[in-house]
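Let me begin by presenting the structure, written as structure tokens, before commenting on it.
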Amino acid sequence: MRTRDFSHAPNVARVGSVFHGGTEYGGIRALIGLTLRWPRVRRVMRQSPGYIDHQVWYRFPYTIGTTSFWETHEHLLAFARSDAHRKATAWMHRPGIARGGFIRYLAPLPDGNTLGAWSGASTDSHRTINANAKGISV
């Protein structure tokens, strides 16, 4: 159902800002260095005001990225300015650690679609699909 009401959907459906970024690391040593720094960064991120969720992604052989979801862009930027994040970023900028990287900030449009139990109250007209023993009727 087309809607602007995501009150019944998971928190990640109600994001105000999304960070999507990736880094191509310089090799195995850089990835090992990342594994030593990531737990602290993740802990601070998860405890930050406005944090909703995150996902980590990988591309062979040395690229790792993060997509994180925030209540507002201000919350995202506050985490980016945290001591843990700044130290990890400074390390990443040292010679031989990262070959390249990107950052994208994404903002959701106010409307979208929901289905079933995740549908909120809406004044939009919609059709209900009912399944019965004879098939599906619309």
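The values are calculated or read from the model by the stated rules, or taken from the named source; none is laboratory data. Everything numeric here is computed off the predicted structure, so don't read it as measured data. In case anyone asks, the SASA skips ligands and DNA or RNA and just uses the protein heavy atoms, side chains included. Shrake-Rupley method; radii C 1.70, N 1.55, O 1.52, S 1.80 Å.
Table for the structure above
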quantity	calculated
Amide H within-cut-off set for ASP5, under 5 Å, with H built and near neighbours excluded	none
1.4 Å probe accessible area per residue over the chain, in Å²	70 Å²
Hull shadow area, averaged, the chain [alpha-carbon convex hull, nm²]	11.5 nm²
Derived scalar couplings ³J(HN,Hα) [the range 84-91; Karplus, 6.51 cos²θ - 1.76 cosθ + 1.60; whole Hz; x for Gly, Pro]	4, 5, 4, 5, 5, 5, 4, 4
Under Karplus coefficients 6.51, -1.76 and 1.60, residue-wise ³J(HN,Hα) of the range 42-50 in Hz, glycine/proline x	4, 4, 5, 4, 5, 8, 6, x, x
In sequence order, calculated HN-Hα J values of the range 97-102 (Karplus, 6.51, -1.76, 1.60; Hz; x Gly/Pro)	7, 10, 8, x, x, 8
Sulfur and carbon atoms: percent of accessible area, the chain [1.4 Å]	55 percent
Ranked order, GLU74, GLU24 - accessible area, probe 1.4 Å, largest first	GLU74, GLU24
Accessible area of ASP111 in the full protein assembly, 1.4 Å probe (Å², nearest 10)	50 Å²
Rounded to the nearest 10 Å², the accessible area of TRP38 at probe 1.4 Å	60 Å²
